Every structure is written in structure tokens, then in C-alpha cells.
1. Could you figure out which of (1) of a type in the set (D, E, K, R); (2) over 27 Å from SER644 (Cβ atoms); (3) touching a Leu at 6+ places or on another chain (Cβ under 9 Å) isn't true of ASP106?
2. Limited to the range 43-62, what total is found for residues that are more than 17 Å from TYR662 (Cβ to Cβ) and either touching a helix residue (DSSP H, G or I) at 6+ places or on another chain (Cβ under 8 Å) or β-branched (Val, Ile, Thr) (or both)?
3. Given the criterion among the polar types (S, T, N, Q), in contact (Cβ under 8 Å) with a residue 60 or more places away in the chain and part of a strand (DSSP E or B), identify the matching residue among SER276, SER230.
4. Would you confirm whether any residue within the range 255-262 is over 24 Å from ASN374 (Cβ atoms) and not in a helix (DSSP H, G or I)?
5. Among the residues that make up the range 518-526, is at least one of them among the acidic types (Asp, Glu), in contact (Cβ under 8 Å) with a residue 60 or more places away in the chain and within 18 Å of TRP312 (Cβ to Cβ)?
6. Go through (1) assigned by TED's automatic domain parsing to the domain that holds PHE192; (2) modelled with pLDDT under 95; (3) farther than 20 Å from ASP652 by Cβ one by one and return the number of the condition THR11 breaks.
7. Please name all residue pairs, on different chains or six or more residues apart, with Cβ atoms under 8 Å, provided the first residue is in the range 55-76 and is farther than 17 Å from LYS115 by Cβ and not assigned by TED's automatic domain parsing to the domain that holds GLY651 and the second residue is aliphatic (A, V, I, L, M) and at pLDDT below 95.
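The values are calculated or read from the model by the stated rules, or taken from the named source; none is laboratory data. Since this is a predicted model, take the numbers as computed values, not measurements. Reconstructed Cβ throughout: ideal geometry from the backbone, glycine too, with neighbour counts over all protein chains shown.
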Amino acid sequence: MSRRFLSAAVTALVLIAANPYNGYSQSVRQLADFVNPYIGSISPKTGGTSPTVLVPHGMLEVSPRFTPGIGDRYLADKIYGFPVGPLSVMATTGAIQTSDKANASDFDHTLEMAKAYYYQALLETPGINAEYTLTDHAIIFRFTFPKSERSNVLVGAAHDGDLRFAGPGAVEGQGHMTDYRNSIGLWEGKTFYFYAEFSKPVEKAGTWRNDTIAGGAKETSGDNVGAFASYSTAKDEQVQLKIGFSQKDINDARAMLAKEIPDWNFDRVKLEAKESWDKALGLIRVEGGTEDQLVTFYTALYRTMGRKGNVWDTYRCAYPLQTIIEPERTEEAIREFVSDYQKTGWLPSSGAMIGNHSTAVIADAYMKGLRDFNVEAAYAGMRKNATEATMIPWSDEGKITELEKCYFEKGYYPALPVRQDMKVDDEAKWTADLGGIVYSKMPYQITWLPEVGVKEWVKGVSSWHRRQSVSVTLESAYDDWCLAEMAKALGKTEDYDMFIKRAHNYRNLFDPSIGFMAPKDSSGAWVRPFDPKLSGGFAGEEYFAECNSWIYTFSVQQDVQGLIDLMGGREAFNRKLDQLFVEQPSPMDKPAFLGEFPDMSGLIGMYCQGNEPAFHIPYLYDFSGEPWKTQARVREIMQLWYNSGPFGLPGDDDGGAMSSWYVFSAMGFYPATPGRPDYEIGSPIFGKVIINVGKGKTFTVEARNVSWRNKFIQSAELDGKPLTRPWITHAEIVKGGELVFVMGPMPSKSWGSAVADAPPSMTPSAGK
């Protein structure tokens with residue numbers, strides 16, 4: 001954190017010390033300056049976030065390349081360059097070096113400034129101040145050099161590069177996104193064209209390939225190639241470099257640069273980038289809250305405005321958030337999905353993860369009134385993915401196998417059968433002996449239960465990620481419900497009947513004898529022995545996607561009432577939810593448990609905020625008559641696992657997925673079931689939230705008397721009329737209006753608890 005930012009934060013905290021929720025004014029500075037890109041840069045799991053500079057939804061996303069191997073990027077000690085598109089840019093002094101390691105520089109966070117729209121760091125080793133800011137398709141660097149006989153600007157391409165000098169102050173060419181993909185993650189493997197200009201004629205120039213430097217050479221191509229421009233500089237002399245990018249050709253890259261950065265006014269580009277963020281972040285304006293909450297909120301909102309990435313992560317709340325404040329962006333994304341289908345024959349599924357959740361994105365948008373895409377083509381792609389594509393995790397291409405046939409014919413995705421030597425006669429005794437199994441290699445060694453299945457025989461199943469049979473069943477059943485809703489809306493009756501039947505497939509894996517979702521083999525036999533915490537091997541992936549049965553037992557977003565019924569009614573369901581939030585990872589200690597389930601970070605009992613399949617679970621109390629527990633839980637999660645520092649995220653942000661949960665929850669509502677046009681109510685943290693819903697309309701959420709203590713809803717009004725249900729509709733939001741909560745320190749157990757007030761579900765409740 002910079003000294004400037006720290007000083008502002010301390011001042012603000014002094015001002016609000018009397019009441020930490022009492023109306024800190026966001027007018028102290030512009031919205032873009034509330035963004036701290038280093039939030040979450042130290043991760044409880046693997047790689048932390050990067051201080052990424054971009055304009056909202058721009059093609060370019062740029063952050064420094066820090067010390068390799070350090071996933072917690074805030075802790076890196078060196079900068080190895082600035083990856084942008086297929087290139088990496090760096091500034092040095094002295095003799096030309098071709099390796100990133102040789103050119104790496106020490107840096108210090110106290111001599112650095114990271115903003116959404118601008119980055120600056122002192123490269124201490126050569127004594128160069130490096131800055132950059134950007135536009136949609138172009139970037140401008142400003143390097144302030146020390147007095148040096150040779151100051152250098154290096155432009156390198158790691159893979160299949162083609163660079164050439166185009167005059168005394170320009171370089172052009174192309175390259176592929178691979179090694180530097182942390183700057184533009186989703187473009188990996190694609191060709192990018194570029195055109196670059198220096199602010200002054202190059203005094204000395206040349207190229208390199210691997211370790212061979214060719215002074216005076218005008219062009220080079222291949223892997224590990226680059227071009228350099230060298231100058232004799234006086235103290236504090238500046239050299240700027242601007243680069244335009246295109247996926248079309250070099251002429252288009254040159255045109256992009258001329259259009260977006262026509263001159264050398266670095267500060268103008270910086271100001272325009274900042275203004276673009278002020279405008280984008282201003283789509284949601286808040287009043288009240290602490291400095292920490294404001295920084296956390298607007299940083300979270302900033303993270304949702306980059307590329308969405310894997311739809312397994314982002315369908316849950318990142319796309320739904322975008323659908324409220326920037327619906328045209330969601331329609332644009334769906335048009336890209338449809339274009340992919342028309343080119344390849346397949347809709348994007350879920351990247352490397354499970355399910356066909358582009359279906360969820362499309363259905364959610366359609367049910368919320370978004371129609372600016374080829375609906376019939378989208379439906380055709382959704383249907384083809386659901387009936388002809390493999391469901392094997394981490395296998396996005398391929399036809400159906402015997403595993404899919406089992407899902408189609410028997411209604412579940414099969415697990416491997418149990419080996420004879422792993423079968424037990426007394427499962428209760430096996431469960432009682434788990435401690436001995438777990439601690440057999442303890443202390444200080446990660447261990448997990450042995451695999452019980454036979455050797456995999458289905459081609460295409462990863463030996464690492466395995467079948468994930470329970471998760472595949474549950475997430476596919478949800479996708480099938482989304483597809484059924486689309487079929488119904490489009491008048492496709494036969495398809496509706498088929499997919500709504502498949503939407504009930506979750507029932508086939510609920511084992512009433514243990515009260516959990518559990519794996520079955522293709523014969524219909526339950527996998528035994530089975531433990532809902534620990535079974536499934538590393539990351540649980542024999543049966544689950546990165547989580548265990550405690551999380552996936554509640555993965556029935558489309559039919560919460562049906563799950564309530566399976567568990568024996570509201571009281572039993574609520575007891576199970578209560579237990580989830582206090583259940584401990586015994587018989588192993590927490591570090592050993594996380595060694596087996598590294599994605600289950602952000603733990604509260606067995607609930608894991610650090611992984612997306614858990615996101616909707618705190619809101620399930622709204623369905624079961626105890627919405628005050630939703631209010632308490634979402635407040636607890638926000639307080640424990642989100643803050644404005646480097647440790648400020650509970651897990652991988654995953655294309656804004658983790659951040660969008662916070663944005664929704666801080667506003668006071670959340671889309672527990674994308675594909676159904678409604679939102680479950682939680683507990684807002686701001687006194688007022690004003691959401692720009694387009695066409696000159698706003699939707700306001702006001703929380704009267706809200707504070708860190710006053711987290712419970714006492715009563716509510718929607719557009720001046722009493723609201724007793726713990727959910728609101730999308731139509732109520734986008735037409736504009738006002739939702740008012742009266743908050744208090746103790747639960748109001750009558751508000752929102754009636755059976756008739758529960759949110760909609762595929763299975764109707766007895767009181768409806």
C-alpha cells in the first residue's frame with residue numbers, strides 16, 4: 001500500500017472512529033481512487049490477484065510480471081517486465097541483456113502506485129521510474145531514466161514472434177499469447193498484431209533471438225525474440241513508448257494507436273482512463289460505510305469489469321451483476337457464445353470445469369428480458385451441448401461416452417465401482433476408525449483417504465481430475481433446468497418435458513440413510529465406504545469438483561424446496577445448514593484438511609467462501625423460513641473474508657466471481673438461482689445504494705439504522721408498500737424504484753418466514 005493511500009485511510013478511520021458505519025463520504029475522492037488492485041494479492045490457496053490496469057471491458061489487461069514462482073504477488077521482490085498482449089516491455093541501462101532474469105529489477109511498494117487506470121514503480125536496480133496507462137486497444141509507457149550513456153527500452157516476444165523496425169522510431173509485428181498470458185489470460189494461443197512508436201528517434205537499435213544480439217538489425221522472428229531502442233540520457237530524461245494492438249492485422253493495430261493515443265500526452269490518456277473508471281464504477285453509488293468497506297466494494301466492482309473467464313465461476317453472480325448494470329455487455333458475450341457455436345459446432349461449456357454453464361448465462365439473460373442475440377441459434381447450441389457433448393471434467397471437446405449414457409438413461413453420472421479389497425462389512429466401524437486412517441502418516445504429512453474405486457477405463461477421464469461424478473450430476477441437472485425453462489419459453493414442449501425430467505436428477509444421488517449427496521456406480525450401488533467430508537481423494541475430485549459433500553449436498557439451486565423435502569422439511573433442513581457452518585474438519589486438523597481440499601478456503605465450519613459452488617448456500621435460509629440466519633451469515637462472511645488489504649479475498653477471484661459475490665451481498669441481495677429472474681435478500685452494509693439500471697432509471701436500496709450491530713431486517717418496503725417476502729424480482733429492480741429496510745440488532749423472526757413468502761422453486765412448497 002502506498003504512503004499516500006495509507007495516509008488517506010488513517011485520516012478516514014479517525015473521522016469515523018465513533019461509528020464505523022456512520023456515513024463516510026465517498027466524495028472525499030473520486031470512485032476510481034477507491035480501487036486498490038492489490039486486494040487479494042496474497043492468496044489462501046495458489047496465485048493471488050495482480051494489480052491489473054485496464055479500462056472497463058477493454059481488450060488489454062496489464063500488470064507487472066513479478067518474480068516467477070511467487071503466487072502471492074504482493075510478496076514479490078522483483079519486476080521482470082510488463083507483459084502486454086504477446087509482448088513484454090522492460091527498461092534497463094547498460095549493455096543489452098536478453099533474458100528476463102538478467103533485466104529484472106528490485107522494487108518497493110512504498111515507491112509504487114497501483115490504480116485501476118495507472119501503474120507506476122521505481123525500478124530500483126537501474127534507477128528508472130516506469131509508468132503506464134492505456135485505452136481499449138493501446139498502451140503508453142513513460143520511462144524516466146537516470147543519467148546514462150546507454151538507456152534501453154526492450155520489446156520482446158516469447159513465442160512465434162515477428163518484429164521489425166518500421167522507420168527510425170517504430171516497431172511492428174505479431175506474436176502469440178503464451179508465456180505472457182497473465183496480461184491477457186483468455187487470449188492464450190491467439191495471434192496479436194502490434195504497432196509501436198517511440199517518442200523520439202532511436203539512437204541505437206537492434207534485435208535479438210535467444211542469447212544472440214544483432215546490433216543494427218532491423219528484424220527478427222521465432223521464439224524468444226525482441227527489439228531494443230537505446231538512448232544516451234540526461235538525468236530525469238523521459239522516453240515514451242506507445243503500442244496499438246489488433247487481432248486483424250498490423251494496419252489495424254496502427255489505426256487503433258492513431259485513434260486512441262494520437263499524441264504523446266501521457267497525462268491526458270491517464271485522465272481519460274480514470275474518467276472511464278469513474279463512469280463505470282458510478283453505475284453503483286453508495287452512501288455510508290467505512291473506508292475499508294468502500295475500498296473493498298469498489299475494488300470488487302472493478303474486478304467484475306474485466307474479462308469474465310470460466311463460466312463455471314462467473315455464471316453464478318458475475319454475469320447476473322453485469323445483466324443489471326450493463327445488460328448490453330451480457331448480450332455481447334452471448335453473441336460471442338453463439339458465434340463460437342456457429343464456427344465450431346459447440347457453445348462454450350465451462351472452460352476446464354464442469355457443466356455447460358453458458359446455458360445458465362443465456363437462460364438467465366433471456367428470462368430477464370435480454371433478447372439482442374440469435375435466440376434460436378443459442379437454443380440450438382444449448383441443446384446440442386446437453387445431448388451430444390461429453391460431460392467429462394476438463395474435457396471440453398468430444399462426443400458422449402458410457403458415462404453420459406448413464407446420465408441420460410439412469411439419471412446420474414456414475415462413479416467407479418468399489419474395489420473388492422476396499423469394501424467393508426461394518427461401515428459404522430470404518431467411520432469410527434477414520435482418525436487412525438488419517439493419522440497413519442501424521443504428523444506433518446498431508447494424507448487423505450485411499451481411493452476405493454477400480455482403475456479408470458473410460459478414455460478421456462483425467463487421471464488428475466477424475467470423474468467428479470456427484471458434482472457433474474448436480475451441475476448438469478441445474479443446467480438441464482435452465483434449458484427446460486428456455487424450452488418452455490420458446491414453446492418447445494417435448495424438449496421441456498425431457499429437460500425438466502433431467503432437472504430432477506439430483507434426487508438420484510441423495511442418500512437418505514446418511515443425509516448427503518453421495519456417489520453411485522453404474523449398477524445403482526452406493527459407493528461404500530463413503531465419508532461426506534473426506535472421500536474422493538485429492539480435492540474430492542473422484543466425486544466432487546474441488547469441494548466435498550457438505551458443500552455439494554446443497555448444490556440444488558433450481559429446486560431448493562425439493563431439497564428441503566428430501567431432508568425432511570424445514571426444521572431438518574435448517575439444522576443441516578446450521579451444522580454446515582460449525583462442522584469442523586476432524587479427525588484431521590485444519591492444515592491437513594486443506595492439504596486435501598486446497599480449494600475449500602475461506603472456511604466457516606465446512607462452508608467455504610473461497611470456492612464458487614458455496615456462494616448461494618448462505619441465502620438458502622430465505623427458502624426455509626429463517627431469513628434472519630441468511631442476514632447473519634452473509635454479514636459474517638463479509639466481515640471475516642473480505643477487506644481492503646492484500647489478504648482481502650478468501651480464494652481465487654476467478655474472473656470477478658469472488659468479487660461479484662461481495663458486490664451483491666454488500667448491496668443486500670443475491671441471485672441464488674441464475675435462470676430464475678429473482679434475487680434473495682441478505683443484509684446490506686451501506687446506508688444507501690443507488691443502482692443505475694439504464695434508461696435514466698435507478699433502483700435504490702436504503703437501510704435505515706444500519707450499522708455493524710444492526711444487521712437484522714425488522715421490516716421492509718418496496719416502492720412504498722410493505723414487503724414481507726425475502727426476495728425481489730428482476731423486473732422490480734430494472735423498472736426503477738426504492739427498497740427500504742429498517743435494520744435492528746436482534747432478529748425479526750416473523751419477517752420473511754412464512755411458507756407463502758419463500759422464493760420460487762421448481763417444486764412448490766405446501767403453503768403455495
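1. Among (1) of a type in the set (D, E, K, R); (2) over 27 Å from SER644 (Cβ atoms); (3) touching a Leu at 6+ places or on another chain (Cβ under 9 Å), ASP106 violates only (2).
2. Counting residues in the range 43-62 that are more than 17 Å from TYR662 (Cβ to Cβ) and either touching a helix residue (DSSP H, G or I) at 6+ places or on another chain (Cβ under 8 Å) or β-branched (Val, Ile, Thr) (or both) gives 11.
3. Just a single option satisfies the conditions, and that option is SER230.
4. Taking the range 255-262 first, the residues over 24 Å from ASN374 (Cβ atoms) are 255-262.
Subset that is not in a helix (DSSP H, G or I): 261-262.
Yes: the range 255-262 contains one or more residues that are over 24 Å from ASN374 (Cβ atoms) and not in a helix (DSSP H, G or I).
5. Initial filter on the range 518-526 (among the acidic types (Asp, Glu)): 521.
From what's left, in contact (Cβ under 8 Å) with a residue 60 or more places away in the chain: 521.
Checking which are within 18 Å of TRP312 (Cβ to Cβ) leaves us with none.
No, there is no match, as no residue in the range 518-526 is among the acidic types (Asp, Glu), in contact (Cβ under 8 Å) with a residue 60 or more places away in the chain and within 18 Å of TRP312 (Cβ to Cβ).
6. If we test THR11 against (1) assigned by TED's automatic domain parsing to the domain that holds PHE192; (2) modelled with pLDDT under 95; (3) farther than 20 Å from ASP652 by Cβ, just (1) comes out false.
7. MET59/ILE184; ALA76/ILE70
Residue-by-condition table, conditions (1) among the β-branched types (Val, Ile, Thr); (2) in contact (Cβ under 8 Å) with a residue 40 or more places away in the chain; (3) more than 17 Å from PRO532 (Cβ to Cβ):
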| residue | (1), (2), (3) |
| --- | --- |
| ALA415 | no, yes, no |
| ASP425 | no, no, yes |
| TYR439 | no, yes, yes |
| VAL454 | yes, no, yes |
